[in-house]
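**Q** Below: one structure in structure tokens.
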Amino acid sequence: MSDSSPAIEVRELAKTYAGVTAVNKVSFTVGQGEIIGFLGPNGAGKSTTMRILTGFLPATSGSVEICGHSVAADPAAIKRLIGYMPENNPLPEDMRVGEYLHYRGRLKEISRKKLGPRIDEVLELCDLKRVRHRIIGKLSKGYRQRVGIADAVLAEPPVIIMDEPTIGLDPHQILIVRDLIASLRGRMTVIISSHILPEIEMTCDRVLIINQGRVVAAGTPAALRKEFLGANRYDLEVAGDPAELGALLTSLDPDVAVEEAAEPDADGFRKIVFTAPSGDIREALWSALAKDSRFRVRGLGRSRHTLEDVFLAATRRSWDATDAPASRPANVA
Ligand SMILES: Nc1ncnc2c1ncn2[C@@H]1O[C@H](COP(=O)(O)OP(=O)(O)O)[C@@H](O)[C@H]1O
Ligand SMILES: [Mg+2]
């Protein structure tokens with residue numbers, strides 16, 4: 001194991017529960033210090049993959065190495081290398097926060113001498129100082145999630161795996177947890193799962209989109225956008241005849257496609273969203289519109305595709321590649 005070896009190496013991982021394939025030959029590598037997001041709908045196989053990575057569930061086939069240690073062959077080492085916050089973050093209701101972290105620290109074999117100062121540090125990091133003496137069962141969901149994260153990072157393991165760390169939180173609590181995860185950047189390798197797109201996009205260096213037990217796309221949010229959506233997308237606010245505008249756009253890029261065109265407002269301006277697959281046409285469009293008395297312009301900008309667009313395109317492509325349409329879930333077009 002050298003410093004440059006990957007933190008996590010997963011090869012052809014598969015898991016079948018009584019005939020149901022939950023994870024289907026998943027392979028990926030996570031570099032040291034990376035923050036990775038598992039993104040996928042419910043039932044995609046995210047939790048199953050995480051349970052196998054942490055050694056809580058045996059794989060049906062395939063292999064996992066954490067910092068060079070095989071999960072199957074060396075489960076005791078794996079427990080020391082990974083801080084894990086399982087799905088639903090189970091916590092003992094009747095313990096106090098400080099007590100619980102002390103108990104967990106002893107289980108993780110942190111020496112008594114180091115444990116006190118480390119608990120202080122973790123309470124500070126997770127903004128839990130105020131609730132140190134409170135009973136866990138009486139805490140809000142946001143505090144409970146942070147207690148789960150505090151436990152995961154307590155022994156300073158090189159790898160942190162958190163299953164849906166922001167599920168059930170309100171937007172303010174999500175922000176706090178997101179900042180907390182971001183503060184681990186560079187210090188630890190982190191995998192978090194979510195079925196909510198923006199939080200993954202903002203926190204993660206790289207995203208694995210998982211669907212029906214397979215990795216259907218992987219990359220930075222920007223690279224995924226490019227791979228699945230390609231074209232540049234623009235927002236234009238303009239007054240003028242739509243057909244004449246269409247002709248002008250087509251003269252700049254013959255493959256322009258209008259996605260949305262709103263009704264004109266009282267001043268005759270309408271918002272139009274369109275894509276143009278060739279390079280950035282903003283400058284050419286702006287000067288063409290400015291010179292042309294048939295049009296008036298209020299705004300022109302590039303609009304970003306959301307990760308949700310990428311997610312839908314990636315899952316759709318995987319269904320197209322693997323399944324007859326009849327076996328698709330009814331809620332996916
Ligand atoms: N203990 C289990 N026994 C049988 N099937 C399971 C079990 N756990 C999960 N599954 C099935 O495996 C698939 C993947 O589930 P899971 O890993 O929990 O997905 P996710 O976390 O992405 O929602 C689902 O079809 C689920 O019903
Ligand atoms: Mg899950």
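**Q** If I ask for residues that are assigned to a strand (DSSP E or B) and more than 16 Å from ligand 2 (Cβ to nearest atom), which ones from the stretch 176-204 would you list? So that I can check it myself, show each step before the final result.
**A** Residues of the stretch 176-204 assigned to a strand (DSSP E or B): 189-194.
The answer is THR189, VAL190.
Residue by residue, here is whether (1) basic (Lys, Arg); (2) under 22 Å from HIS195 (Cβ atoms) holds:
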| residue | (1), (2) |
| --- | --- |
| GLN32 | no, no |
| LEU39 | no, yes |
| GLY43 | no, yes |
| LYS46 | yes, yes |
| GLY55 | no, no |
| GLY68 | no, no |
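**Q** Would a scan of the stretch 65-82 turn up a residue that is assigned by TED's automatic domain parsing to the domain that holds THR48 and within 22 Å of ILE200 (Cβ to Cβ)?
**A** Initially, the stretch 65-82 is screened for residues assigned by TED's automatic domain parsing to the domain that holds THR48, giving 65-82.
Adding the requirement that they be within 22 Å of ILE200 (Cβ to Cβ) leaves 66, 82.
Taking every residue of the stretch 65-82 in turn, at least one turns out to be assigned by TED's automatic domain parsing to the domain that holds THR48 and within 22 Å of ILE200 (Cβ to Cβ).
Here's the yes/no breakdown for (1) more than 16 Å from ligand 1 (Cβ to nearest atom); (2) closer than 25 Å to PHE311 by Cα:
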position: ASP151; (1), (2): yes, no
position: ALA155; (1), (2): yes, no
position: MET162; (1), (2): no, yes
position: PRO165; (1), (2): no, yes
position: ALA182; (1), (2): yes, yes
position: GLY186; (1), (2): yes, no
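**Q** Looking at PHE28, is it under 23 Å from PRO75 (Cβ atoms) and more than 10 Å from ligand 2 (Cβ to nearest atom)? Spell out the reasoning first.
**A** Numbers: under 23 Å from PRO75 (Cβ atoms): yes; more than 10 Å from ligand 2 (Cβ to nearest atom): yes.
For PHE28, the condition - under 23 Å from PRO75 (Cβ atoms) and more than 10 Å from ligand 2 (Cβ to nearest atom) - is met.
**Q** I need the full set of residues from the stretch 195-210 which are crowded, with 17+ Cβ neighbours inside 10 Å and modelled with pLDDT of 90 or more, in order please.
**A** CYS204, ARG206, VAL207, LEU208, ILE209, ILE210 - these are the residues of the stretch 195-210 that are crowded, with 17+ Cβ neighbours inside 10 Å and modelled with pLDDT of 90 or more.
The values are calculated or read from the model by the stated rules, or taken from the named source; none is laboratory data. As the structure is a prediction and not an experimental result, all values here were calculated from the model. Backbone-built Cβ (ideal geometry, glycine too); neighbour counts: all protein chains shown.
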